[in-house]
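Here is the structure we will look at, set down as structure tokens.
The values are calculated or read from the model by the stated rules, or taken from the named source; none is laboratory data. Being a predicted model, the structure only gives us computed values, none of them experimental. So basically every Cβ, Gly included, is an ideal-geometry build from the backbone, and we count neighbours across all protein chains shown. What goes into the accessible areas is simple: the full protein's heavy atoms, side chains included, and nothing from ligands, DNA or RNA. Shrake-Rupley method; radii C 1.70, N 1.55, O 1.52, S 1.80 Å.
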Amino acid sequence: MKTIAISVGDLNGVGIEIALKSHAEISKLCKPIYCINTELLEQSAKLLNVTVAEDFTLQKVEGSFNIQAGVVNAKSGRYSYDSFMAGIKLCEEKKADGVVTMPIHKEAWMMAGLEYKGHTDLLRQHFDANAIMMLGCPEMFVALVTEHIPLRDVTKVVKYKMLKQFLLNLQREIPQEKVAVLGINPHAGDNGVLGHEDMRILKAIKSVNKQLGWEQFFGPIVPDVAFTPHFRKDFNYFVAMYHDQGLGPLKALHFDESVNISLNLPIVRTSVDHGTAFDIAYKGQAKTLSYINAVKSAILLHKRKI
């Protein structure tokens, strides 16, 4: 049975509730280690009016503050970072086979003086690696070429060499899967009528397929038809040029069950594909499916790596 570190996320949000209510089911899948200290765990359990299971294994993370449901503050932001770093360390020391992360709040990280825009950005800098953010479920996965940047900067970032390397990195992680690559402009540029950026995408796709010796990547696909049933019957994997281009359709179709997976890293990391849900924190309403799927994905990814 695999050992999975659980980063508890922002304790002012729903992460710890999800961990507590899912523990019995998760324990049948793996050996979870929760990156939190006893004081904050007991405080969370009291707010939720639940009892902590006797087999709830902890990796102590120093820190103390009063949990405030639904409040953005620096202390909860800092603790979510420290919990994540504890999970990474467990993986680096081979004490865990992967880390699954509960949601953090980016503004809380900023208030805590942290320079990272989120989990994936931190992982890139920590490992000096071009981590790929891929989200989804078995019915549909979407890998993002760009993530948390302004839309006006997307065409400045998506260049031929950058995209070619991205596709090669993705290929190493999913070597046998056919992948639909979305265009960046309406109608995928209409052969230059609506912009020349899509010609870069086409060039990168052709170059990578030639290097691989087979046609793994297809496109650029017109973005407004890429997620229709016509295309989805042939493709489970998609590459989107920017955040909302890929995640809007994904969340419309598979919001509750999708997960966030970090690829092209020396460790396994998956996450729930939702936010801190401050509006329902400590009300007993948080759903657990995305978290359970994230744990299952982490176990599967570790098996692929060994």
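Taking label points 7 Å from Cα along the Cα-to-Cβ direction, Y160 and M110 give a separation of 3.7 nm. Straight-line cross-link reach from K251 at under 25 Å between alpha-carbon atoms covers these lysines, not counting any fewer than eight positions away in the same chain: K21, K106, K117, K178, K233, K283, K287, K296. Taken over the C-alpha atoms, region 7-152 has Rg and Dmax values of 15.8, 51 angstrom.
Comparing S207, S44, S258 in a Gaussian network model of the chain (Cα springs below 10 Å), the most mobile by mean-square fluctuation is S207.
Under a model in which nothing but the beta-carbon of Lys, Arg (+1) and Asp, Glu (-1) is charged, the chain shows a dipole of about 800 debye around its Cα centre.
For region 25-128, the list of GluC sites (Glu not before Pro) that fall in a loop by DSSP and count at most 16 other C-beta atoms within 10 angstrom reads E54, E62, E93, E115. Taking a point 7 Å out from the Cα of L47 in the direction of its Cβ, none of the residues of region 245-269 has a backbone N less than 17 Å from it. With every protein chain in place and a 1.4 angstrom probe, the accessible-area ranking of H196, H148, largest first, reads H196, H148. At q = 0.11 Å⁻¹ the log10 of I(q)/I(0) for the chain amounts to -0.67, computed by Debye summation with a single uniform scatterer per C-alpha, solvent ignored.
Cross-link reach is defined here as a Cα-Cα straight distance under 17 Å, omitting same-chain residues fewer than 8 places apart; for K161 the lysines meeting it are K203, K206, K210. Would you work out the relative contact order for region 118-246, in percent, from Cα pairs under 8 angstrom that are 6 or more residues apart? RCO, region 118-246: 33 percent.
What whole number of Å gives the distance from the Cα centroid of region 97-113 to the Cα centroid of region 227-306? Distance between centres, Cα-based: 16 Å. Amide H contacts for F141 (H built 1.01 Å from N in the peptide plane; partners 5 or more residues away or on another chain; cut-off under 5 Å): Y237, F238. Charge tally for H23 (other residues, Cβ to Cβ under 14 Å; Lys, Arg +1; Asp, Glu -1): -1. Considering all alpha-carbon pairs of region 72-198, what whole percent are spaced by more than 26 angstrom? Percentage above 26 Å: 37.
Compared with the alpha-carbon gap, the fully stretched path from K210 to Q285 is longer by 22.0 nm at 0.36 nm per residue. Relative contact order for the chain: 25 percent, from Cα pairs under 8 Å spaced at least 6 residues apart, divided by residue count. Within straight-line reach of K46, meaning a Cα separation under 12 Å, sit the following aspartates and glutamates at least 8 residues removed in sequence or on another chain: E17.
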